[in-house]
């Protein structure tokens with residue numbers, strides 16, 4: 001019997017318009033009634049995950065920053081974290097600035113960026129549809145290096161770097177890999193998101209990487225939470241679509257990918273369901289939770 005389902009958010013639970021479908025909500029409600037823990041695992045920060053967790057009533061624990069932290073929603077506190085070192089963050093910022101790369105930094109409460117582009121443009125557009133309490137906080141800062149130098153909190157979750165030129169992007173990846181004690185996510189395909197402007201739809205496409213402290217991934221965090229809850233590996237299902245879901249899909253008892261997943265993820269999964277636009281999460285839940 002399965003007791004915990006770890007579910008990725010973007011590209012998995014949410015459809016291309018950033019919404020949780022009614023079918024997925026009903027399936028999650030069904031699983032919760034069967035006493036199955038539903039845990040959202042995301043590269044997002046806690047403030048950007050909690051409204052979604054509350055929307056689907058999976059409001060006990062969430063995993064943020066690709067596994068950098070586990071947050072207890074009821075107690076409003078972290079029960080585990082593996083944050084980035086400030087000096088490493090400054091080193092990465094310096095490389096990005098010298099190579100004119102677009103980057104943004106995730107903390108527990110806000111995303112720091114120099115402009116609205118790529119992933120930040122998508123979040124900014126999504127914010128227009130949401131009430132203030134559900135919006136993702138975005139701070140536009142001219143001098144992020146100086147800001148981080150003076151930053152007092154110890155909650156640097158991850159750095160995201162984006163570019164639409166594959167050659168330029170590969171070059172920056174090679175430079176980042178030379179930095180010690182960090183993990184650089186290797187994503188071979190372009191990320192594609194849809195932005196709505198009135199009746200028109202526009203696609204944002206870009207290459208990206210996500211940088212975290214060493215030994216940060218969603219599966220490590222899922223294991224930490226499972227240990228706290230007394231749940232065994234054999235009782236865990238993981239559902240994802242992208243490379244930042246790789247470890248949890250590969251190592252959970254049942255690893256499932258949605259139909260829109262990248263080719264590498266499809267190779268390692270135990271099972272494949274419909275895409276995020278066709279209620280793949282609901283399909284997986286009904287298949288494995290009897």
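Every number here is computed from the coordinates shown, using simple stated rules; none is lab data. Source: prediction; values computed, not measured. No Cβ is skipped: glycine too gets one built from the backbone with ideal geometry, and neighbour counts run over all protein chains shown.
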Rank the residues 251, 33 as a footprinting-exposure proxy: fewest other Cβ atoms within 10 Å of their Cβ go first.
-> 33, 251
Protection proxy ranking, peptides 53-63, 212-222, average beta carbon neighbours within 10 Å, highest first | 212-222, 53-63
Would you mind pulling out the separation of the Cα centroids of the stretch 47-85 and the stretch 1-26, in Å?
-> 16
Can you work out D for the stretch 2-123 in µm² s⁻¹ from Stokes-Einstein, where Rh is the Kirkwood radius over C-alpha pairs, the temperature is 25 °C and the viscosity is 0.890 mPa s?
-> 155
Arrange 4, 229 by Cβ neighbour counts within 10 Å, fewest through most, would you?
-> 229, 4
Arrange 207, 30 by Cβ neighbour counts within 10 Å, fewest through most, would you?
-> 30, 207
Average Cα contact separation per residue, the chain, under 8 Å, 6 or more apart, as relative contact order % = 23
Please work out the Cα convex hull volume for the stretch 153-231 and give it in Å³ per residue.
-> 176
Spin-label pair residue 35/residue 22, simplified geometry with 7 Å Cα→Cβ offset, distance in nm | 3.1
With contacts defined as alpha carbon pairs under 8 Å and 6 or more residues apart, what's the relative contact order of the stretch 86-210 in percent?
-> 28
Just how far, in whole angstrom, is the stretch 269-290 from the stretch 229-256 if you go by their alpha carbon centroids?
-> 13
Give the Debye-formula value of log10 I(q)/I(0) at each listed q (0.16, 0.20 Å⁻¹), with one equal scatterer per alpha carbon of the stretch 119-273, two decimals each.
-> -1.22, -1.42
Kirkwood Rh for the stretch 86-210 from C-alpha pairs, in Å, is 15.5
Hey, what angle do you get for helix 86-98 against the long axis of the chain, alpha-carbon based, 0 to 90 degrees rounded to 10?
-> 60
